[in-house]
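Taken together, the values in this text are just the output of simple stated rules run on the coordinates, not laboratory data. Please read these numbers as outputs of a predicted model, since none were measured by experiment. Positions of Cβ are generated from backbone atoms using ideal geometry, with glycine treated the same way; all protein chains shown enter the neighbour counts.
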Amino acid sequence: MTFRTLLLSAAMIGTSTAACADIGDTETITGTDDVKLTATHLETFDKPWAMAALPDGRSLVTEKEGAIWLLSAEGKKLGEVTGGPEVTERGQGGLGDIYVPADFEQSGEVYISYVERDANDDSLSGAVVQRATLTLTSTGGTLSEMNRVWTQSPKVQGNGHYGHRIGVSPDNYLFISSGERQKFTPAQNMDMNLGKIIRLNRDGSIPDDNPFVENGGVAAQIWTLGHRNPLGLDFDADGQLWVHEMGPKHGDELNKIVRSENYGYPLVSNGDHYSGVEIPDHETMPIFEAPSVYWVPAISPAGFSIYKGDVFADWKGDGFIGGLSSQALIRVDMDAEDGPAEAGRYEWGKRIREVESGVDGAIYVLEDEEGGRLMKLMPAAAE
């Protein structure tokens, strides 16, 4: 598998003009590939975390502190969705992902992830995924019939590396990313579902053909292992699952997910521990699955969407990754001659938490933290 180091130099940095201070404002962003985009400020949120498109062109946005917003097709807040889980925002934890399956118009189902505290010890926490029925109105909506389908186990101390991104495969299986909770070794421990990619039936039961189903216990949930903090997943047009994850100090990864494979963390990484302790590179231990792309320096990836629209015709099939520390939207050419490779960066000085492809073909980006903006990206008009 091809992997490479991608270094960002000053000469590669894209530019932007006319910052969008107010809703409705636009700015032009020039990427490292010289492509110009028009970014329009549609809405503003407090600590937004995830976005999901609805079939009718409307969308949903979650905020870490617990709010779920219904947006119009124009990206304006219509109202809140009630009935969601009660959460305590702490560190990297709070309300997380929201996922709308392809059969939403028939099933009315959505999936929501969040972090819960242990009932007997508030210092312990872990992620949860619930399935719910979403009933929409013109001014919001209601979640009902909430059913837990997955629990991160065990709950541990600390408030980081939950992962808890959600996806449903074209063949109708539920996939969940689970971080190793900043504890390192659980990623290799088959008695824990930390540091793993999880595969379940949509009701939370275990598929009979999971690779470790004969092991029983939480091991039966596991599709792949050896992950650190996977914060973005999506399926390409062929149904192949791709997941990115934050490396330690550098070494962020984009991985092609292959049934039963071990991706090596914390035994291998192209980054090192924050303590300065070196970790062997992937090439030193080829028994582990190597990343398709890795980044040194780090980009701090968050949110991931493989573009399937028509507005950016030349980008169909490309992967888009939000960058936190890199303050950029990163485009990956998934079909590059020598394997997936970074093909462009588009930056405007903001941490990017989430990226979503809209049903209208536009690319939508949520900025991180308080006052995070929803930005709509379209090709810039020819000069």
What FRET efficiency, computed as 1/(1 + (r/R0)^6) with R0 = 25 Å and r the Cβ-Cβ distance, is obtained for GLU370 and SER325, rounded to the nearest 0.05? 0.90
Percent of Cα-Cα distances greater than 36 Å, calculated over the chain: 17 percent
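Express the relative contact order of the chain as a whole percentage, based on alpha carbon pairs under 8 Å and six or more residues apart in sequence.
16 percent
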Spatially proximal lysines relative to LYS155 (Cα-Cα < 26 Å; intrachain offsets below 8 disregarded): LYS47, LYS64, LYS183, LYS196, LYS249
Antiparallel DSSP beta bridges within the chain, percent to nearest 5: 95 percent
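Provide LEU194, LEU37, LEU254, LEU54 in ascending order of the number of other Cβ atoms located within 10 Å of each residue's Cβ, fewest first. Mind showing how you got there, number by number?
Details: LEU194 29, LEU37 23, LEU254 26, LEU54 19.
Fewest-to-most ranking of LEU194, LEU37, LEU254, LEU54: LEU54, LEU37, LEU254, LEU194.
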Between GLN157, GLN106, GLN240, find the one with the highest GNM mean-square fluctuation for the chain; connect C-alpha pairs within less than 10 Å. GLN106
Two decimals, Cα atoms only, Kirkwood Rh: what is Rg/Rh over region 85-193? 1.00
Beyond 14 Å, the calculated P(r) of region 329-383 holds a percent of Cα-Cα pairs equal to 63 percent
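Can you give the relative contact order of region 152-224 as a percent, counting alpha carbon pairs under 8 Å and 6+ residues apart?
Details: 144 pairs, mean separation 18.6, N = 73.
It comes to 25 percent, rounded to a whole number.
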Compute the convex hull volume of the Cα atoms of region 117-261, divide it by the residue count, and report the result per residue in Å³ as a whole number. 147 Å³
So if each residue of separation counts as 0.36 nm, and I subtract the Cα-Cα distance between THR135 and SER107, what length gain in nm does that give? 9.0 nm
Counting other beta carbons within 10 Å of each residue's own, what order do GLU354, GLU89, GLU283 fall into, fewest first? GLU283, GLU89, GLU354
Given labels modelled 7 Å from the Cα in the Cβ direction, how far is it in nm from ALA313 to ALA380? 2.1 nm
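Where Rh denotes the Kirkwood radius from the mean inverse Cα pair distance, what is Rg over Rh for region 291-383?
Details: Rg = 13.0 Å, Rh = 13.5 Å.
Rounded to two decimals, Rg over Rh is 0.96.
Counting Lys and Arg as +1 and Asp and Glu as -1, what is the net charge of the other residues whose Cβ lies under 10 Å from the Cβ of GLY204?
On the way: positive: ARG131, ARG148, ARG202; negative: ASP203.
Within the 10 Å Cβ shell, the charges total +2.
Could you calculate the FRET efficiency of THR26 with ASP171 from 1/(1 + (r/R0)^6), where r is the beta carbon distance between them and R0 is 56 Å, rounded to 0.05? Don't skip to the answer; put the middle values down first.
Numbers: r = 40 Å, r/R0 = 0.72.
My answer for the efficiency is 0.85.
Over all distinct Cα pairs, what is the inverse of the mean 1/r for region 193-280, reported as the Kirkwood hydrodynamic radius in Å? Write down the numbers at each step before the final one.
Values: mean 1/r = 0.0718 Å⁻¹.
This gives a value of 13.9 Å.
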Add +1 for every Lys or Arg and -1 for every Asp or Glu among the other residues with Cβ under 12 Å from the Cβ of ASP56, and state the total. -1
Between ALA343 and residues 5 or more places away or on another chain, the pairs with built amide H atoms under 5 Å apart involve ARG331, VAL332, ASP333
Over region 83-201, what is the mean sequence separation of C-alpha contacts under 8 Å (at least six apart), divided by residue count, expressed as relative contact order in percent? 20 percent
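Can you tell me the FRET efficiency between THR142 and GLU86 if r is taken as the Cβ-Cβ distance and R0 is 22 Å, rounded to the nearest 0.05? Can you show the working numbers first?
Numbers: r = 15 Å, r/R0 = 0.69.
Computed FRET efficiency for THR142 and GLU86 comes out at 0.90.
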Extension gain (nm, one decimal) between THR151 and ARG259, 0.36 nm per residue minus Cα-Cα: 36.8 nm
Just to confirm my numbers, what's the Cα centroid distance between region 16-70 and region 308-348 in Å? 17 Å
For MET285, MET51, MET190, ascending order of other Cβ atoms within 10 Å (fewest first) is MET285, MET190, MET51
